[in-house]
Amino acid sequence: MNSNVANGGLVLKVFNKLYLTDIHHFSGTTVLDLDSGEHGRVDGIWWFMNLDYPYIYYSDQQQGNAMHRYHVSSQSVEKLRDEPCYGLAQHQEWLYYIHDDDRKLYRCQLNGTRLSRLSDESVTSFVIHGDCIYYSTMMGIRMGDLEGTRSELISDKVALHMVMLGEKVAFSAKNNGNVLNVMDLNTGSTRSFDELLPLSLNTDGKYLYCSNALNGRTLYRVDIERNTSIRICGEIVDYMHIVDDHIYFWGSKEWHRISLHGGQPVVVSAYARG
């Protein structure tokens, strides 16, 4: 599952092109050619972008957050479901999402058909790992199968911004001061990082990265094996996305890019200002 979805799915790379959602003027979605530097626009305020080539699946804020797919080559758009979709995530032949009205968890096929509900309770966030889906309710984190036929409560933590890192799930714990928690799915044990309050949380598969509200929303890298963290950028970081070996984030009303190793961020020049 694409961990950028937990941060809004606002940045997506397709071959040599980068899709960036304008969340300042809400004027559209920028398409940046990474080779030439040229950029254009596509209609719609795309978020929760998922790539399953040749399609990009997304929820469009200009269309009531309805589910769409965009054909990259033909540039054609198809509305799949006319209902507000939150946290849209593509996994194999299915699309999983939270209905933005009843907050229940659903899935449908890639063409929008065969809709089924996977949860009876309202869901705050979810991640998919292997043959299981982990989703958080006000009672805690539940583990279920991908068909929604069974589930069990595995933690009393109410999780936000869930991302997977190996066999561990990281999240901001709503009923634990919103600080970073990491739960080992094999043992059930949970480690709390009380010095980190993630407003945005992501992973490159080795480290966790978070925008820490306890230190001015600046960027931290977390080593969950050593239980250590270090600040790698002093800028305000929101809507953090990881693409290749860079972090893209929103700050000062523009998209920025920084190396995963830290350093000085640069403005992504293709961001069109309305």
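The values are calculated or read from the model by the stated rules, or taken from the named source; none is laboratory data. Since this is a predicted model, take the numbers as computed values, not measurements. Cβ atoms come from the backbone with ideal geometry, glycine included; neighbour counts cover every protein chain shown. Just the protein is used for accessible areas: all its heavy atoms, side chains included, with ligands, DNA and RNA removed. Shrake-Rupley method; radii C 1.70, N 1.55, O 1.52, S 1.80 Å.
Checking Y86, Y70, Y96 one by one, the residue that is in a strand (DSSP E or B), open to solvent by 40 Å² or more (accessible area, probe 1.4 Å) and hydroxyl-bearing (S, T, Y) is Y86 and no other.
Within the range 146-165, being without any contact (Cβ under 8 Å) to a residue 60 or more places away in the chain and closer than 29 Å to Q109 by Cβ holds for L146, E147, G148, T149, R150, S151, E152, L153, I154, A159, L160, L165. A single member of D244, D204 is under 18 Å from the mean Cα position of the chain (by Cα), at positive phi and open to solvent by 30 Å² or more (accessible area, probe 1.4 Å), and it is D244. Taken over the range 208-241, the residue count meeting the criterion of being open to solvent by 20 Å² or more (accessible area, probe 1.4 Å) and farther than 19 Å from H256 by Cβ is 8.
Q75 meets the conditions (1) outside any strand (DSSP E or B); (2) of a type outside the set (D, E, K, R); (3) touching a residue at least 24 places away in the same chain (Cβ under 8 Å); (4) under 26 Å from K253 (Cα atoms) in every case but one. The failed one is (4). Filtering D35, D22 for residues that are open to solvent by less than 70 Å² (accessible area, probe 1.4 Å) and at pLDDT below 95 leaves a single hit, D22.
For the range 116-129, the criterion of a residue being under 12 Å from N50 (Cβ atoms), in a strand (DSSP E or B) and either open to solvent by less than 20 Å² (accessible area, probe 1.4 Å) or polar (S, T, N, Q) (or both) is satisfied by at least one position. Selection of first residues in the range 114-130 that are more than 13 Å from W94 (Cβ to Cβ) and of second residues that are of a type in the set (G, A, S) and buried (at least 20 other Cβ atoms within 10 Å of the Cβ), restricted to Cβ pairs under 6 Å at least 6 apart or on distinct chains, gives the following pairs, ordered by first then second residue: T124/S136; S125/S136; S125/A159. When we screen S192, S172 for residues that are assigned to a strand (DSSP E or B), of a type in the set (S, T, N, Q) and open to solvent by 20 Å² or more (accessible area, probe 1.4 Å), the only hit is S192.
Screening V182 against (1) surrounded by 15 or more Cβ atoms within 10 Å (Cβ to Cβ); (2) within 18 Å of G8 (Cβ to Cβ) leaves a single unmet condition, (2). Listed by first and then second residue, the pairs linking a residue in the range 252-267 that is over 8 Å from I232 (Cβ atoms) and in contact (Cβ under 8 Å) with a residue 60 or more places away in the chain to a residue that is open to solvent by 20 Å² or more (accessible area, probe 1.4 Å) and among the charged types (D, E, K, R), with Cβ atoms under 9 Å apart and 6 or more places separating them unless they lie on different chains, are K253/R273; E254/R273. The set of residues in the range 21-55 being assigned to a loop (DSSP other than H, G, I, E, B) and polar (S, T, N, Q) consists of S27, S36.
Considering only the range 1-20, state which residues are aliphatic (A, V, I, L, M) and either without any contact (Cβ under 8 Å) to a residue 40 or more places away in the chain or not in a strand (DSSP E or B) (or both). Within the range 1-20, M1, V5, A6, L10 meet the criteria. Across the range 137-157, not a single residue is classified as under 21 Å from G9 (Cα atoms) and buried (at least 20 other Cβ atoms within 10 Å of the Cβ).
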